[in-house]
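Reviewing the structure listed below.
The values are calculated or read from the model by the stated rules, or taken from the named source; none is laboratory data. All of these numbers come straight from a predicted model, not from anything done at the bench. Cβ placement follows ideal geometry from the backbone for every residue including glycine, while neighbour counts extend to all protein chains displayed. When the accessible area is computed, the model is the full protein with side chains, heavy atoms only, and any ligands, DNA or RNA have been set aside. Shrake-Rupley method; radii C 1.70, N 1.55, O 1.52, S 1.80 Å.
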Amino acid sequence: MTVKLGAHVDQADPLAEAADRGADLVQFFLGNPQDYKAPKLAYADGEEALKERAASAGIDLYVHAPYRLNVANTNNRIRIPSRKLLQQTLDKAAEIDVKGVIVHGGHVGDEDDPEAGFDNWRKCIERAQLPVPLLIENTAGGENAMARQLDRIARLWDAVQASGNDRLENVGFCLDTCHFHAAGEELPTIVEKVKAITGRIDLVHANGSRDEFGSGADRHSNFEEGHIDPADIVSVVQAAGAPVVVETPNADHGQKADIDYLRAHLK
């Protein structure tokens, strides 16, 4: 089975990071993931050079949107800057010809009606320009999260489909193994269940978990050091048939070991 494998890397020189790990693809941020500042490419030689060199090396590029983004939120001071930054991220990512921009599903407040969050997603997609694919990722915790468990993901997907955006084919799904484990969803059947809702899986975040099943904790581990059976991670990758980003710790080239593990075990 031929699946492209890579890792989340430092943004300064993603192509050097890809070579270090023997990766087919890389995912990185465009700036500080914890603030609302406009995205900026850290690669010193600029957008055109990165795009051309990545294409020449056969390395696919993915961008992860800032963690602060929460387009579902009912607070205008969070939702409106989030929409703006998401669009800026999509536009900047298009300049380097990325295969996708990954964004978390977000949440509403504990006292809010989740339907308001789903409708905010509908409005966001309705108004969004989608020059590159936007991949919505399932999340690990939060009682009023939009994409933590399958029933919420189904409602979110209905809202997205109701947006009427004429480029809906550019809205996809990113499946994170650690996040589903933390949410209390069983991994051996998760690909089938997600595809029944979304019809697609565009990217897999293949991560171990430092915490127990159903913990709600988003703490990644290397494959052979966590609470997820590595065979379950392999089976998810196998069933999804989508490109893979490893977001595990990279001390002593830990990400390379996890990429090599997948290569060795995929049939």
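Side notes on the structure shown:
- Flag for residue 49 being exposed (fewer than 15 other Cβ atoms within 10 Å of the Cβ), touching a residue at least 40 places away in the same chain (Cβ under 8 Å), out of contact with any strand residue (DSSP E or B) (no Cβ under 8 Å at 6 or more places or on another chain) and hydrophobic (A, V, I, L, M, F, W, C): no
- Qualifying residues in the stretch 68-83 (those that are in contact (Cβ under 8 Å) with a residue 24 or more places away in the chain and open to solvent by 40 Å² or more (accessible area, probe 1.4 Å)) - the one farthest from residue 171 (Cα to Cα): 75
- Which numbered condition residue 30 misses (of (1) of a type outside the set (Val, Ile, Thr); (2) in contact (Cβ under 8 Å) with a residue 40 or more places away in the chain; (3) open to solvent by 40 Å² or more (accessible area, probe 1.4 Å)): (3)
- Total residues in the stretch 242-267, condition in contact (Cβ under 8 Å) with a residue 40 or more places away in the chain and more than 15 Å from residue 205 (Cβ to Cβ): 6
- From the options 103, 63, 98, residue that is part of a loop (DSSP other than H, G, I, E, B), touching a strand residue (DSSP E or B) at 6+ places or on another chain (Cβ under 7 Å) and among the hydrophobic types (A, V, I, L, M, F, W, C): 98
- From the options 180, 223, residue that is buried (at least 23 other Cβ atoms within 10 Å of the Cβ), out of contact with any strand residue (DSSP E or B) (no Cβ under 7 Å at 6 or more places or on another chain) and at pLDDT 95 or above: 180
- Which listed residue, of 108, 101, is within 29 Å of residue 4 (Cβ to Cβ), crowded, with 19+ Cβ neighbours inside 10 Å and modelled with pLDDT of 95 or more: 101
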